[in-house]
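Nothing in this text is a laboratory measurement; each read-out follows from the coordinates by a stated rule. What you see is a predicted model, and the numbers here were worked out from it, not measured in a lab. Cβ atoms come from the backbone with ideal geometry, glycine included; neighbour counts cover every protein chain shown.
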Amino acid sequence: MMEKDLKKHILDKAYEKGYYYEGTYRGCSQAIIAAIVELFDVDEIVFKAASGFSGGIADEAKGTCGAFAGGIMIISYFFGRDLEHYSMSGSKFRYRELVRKLRRLFIETYGGETCPAVQKFIFGRNYDISDPDEKKAFEEAGAHRDKCTHVVGTAAKWVAEILLDEGIPFKKC
């Protein structure tokens with residue numbers, strides 16, 4: 001069992017890094033993965049593969065929350081079915097239960113795991129960030145100052161906790 005103070009330190013770092021990356025570089029799906037990559041051994045190709053999920057899929061804010069999608073990618077990286085086991089039922093793999101856990105956390109905290117649901121919760125309304133005027137209003141409402149940054153930081157913390165609870169070793173931090 002991991003020492004309580006060490007676990008808290010790692011979870012705080014995950015939150016801090018996720019918040020920082022979303023606020024500094026944007027791209028919620030990549031921000032959560034960048035945070036996790038700093039704390040756990042993850043192939044950086046996962047970071048690149050997350051590109052299209054940012055901003056509620058392709059920066060339209062109409063699909064899955066990018067932080068949720070990035071979390072799914074990390075969980076799947078560690079616990080998903082690989083090509084060698086492709087013929088086996090996906091239900092035999094741990095990723096399903098862990099992704100469901102992450103989904104429940106999003107639903108309990110933000111009312112859903114889609115970008116519109118999360119936006120409705122944190123802003124009180126949805127923004128179509130593919131529209132320049134809506135994107136400006138989104139930014140002025142604090143998207144990358146303290147709103148989406150907090151969502152990404154929180155999701156990074158949740159994913160780090162799932163990994164630690166499942167015994168995935170962390171890097172020294």
**OP:** Only Lys, Arg, Asp and Glu count, each charged at its Cβ (+1, +1, -1, -1), so figure out the dipole size of the chain about its Cα centre, rounded to 20 debye.
**Re:** 420
Subject >> Listed residues Ala34, Ala141, Ala155, most fluctuating in the chain (Gaussian network, C-alpha, under 10 Å) >> reply: Ala141
Subject >> Note, ³J(HN,Hα) from phi for the range 114-126, Karplus 6.51, -1.76, 1.60, rounded to Hz, x at Gly and Pro >> reply: 9, 4, x, 5, 5, 4, 4, 5, 7, 10, x, 6, 9
Subject >> Amide H contacts under 5 Å for Thr114, placed H, 5+ residues apart >> reply: Cys65
Subject >> Amide proton proximity set for Gly56, modelled H, under 5 Å, gap of 5+ >> reply: Ala61, Gly66
**OP:** Would you calculate the separation in nanometres between label points at Asp5 and Ile107, each defined as 7 Å from the Cα along the Cα-to-beta-carbon direction?
**Re:** 3.9
Original post:
Sorting Lys92, Lys147, Lys136 on the 10 Å Cβ count, fewest up front, what's the list?
Top reply: Lys92, Lys136, Lys147
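Would you list His150, His85 from fewest to most Cβ contacts within 10 Å? Walk me through the intermediate numbers first.
Numbers: His150 17, His85 12.
By the 10 Å Cβ count, ascending, the order reads His85, His150.
Find me the longest stretch of the chain that has none of the exposed GluC sites (Glu not before Pro), where exposed means in a DSSP loop (not H, G, I, E or B) with at most 13 other Cβ atoms within 10 Å. Show your work: numbers first, answer last.
Values: sites that count: Glu3, Glu44, Glu60, Glu166.
The longest uninterrupted stretch comes out as 61-165.
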**OP:** Taking the chain as the reference, fit the longest principal axis to its C-alpha atoms, fit the long axis of helix 4-25 to the helix C-alpha atoms, and give the angle between the two in degrees, 0 to 90, nearest 10.
**Re:** 40
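Which order results if Asp5, Asp41 are arranged by neighbouring Cβ count within 10 Å, fewest first?
Values: Asp5 8, Asp41 11.
Sorted ascending by nearby Cβ count, the order is Asp5, Asp41.
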Subject >> Residue range of the chain that is longest and free of chymotrypsin sites (Phe, Trp or Tyr not before Pro) which are both DSSP loop and sparsely packed (at most 16 other C-beta within 10 Å) >> reply: 1-85
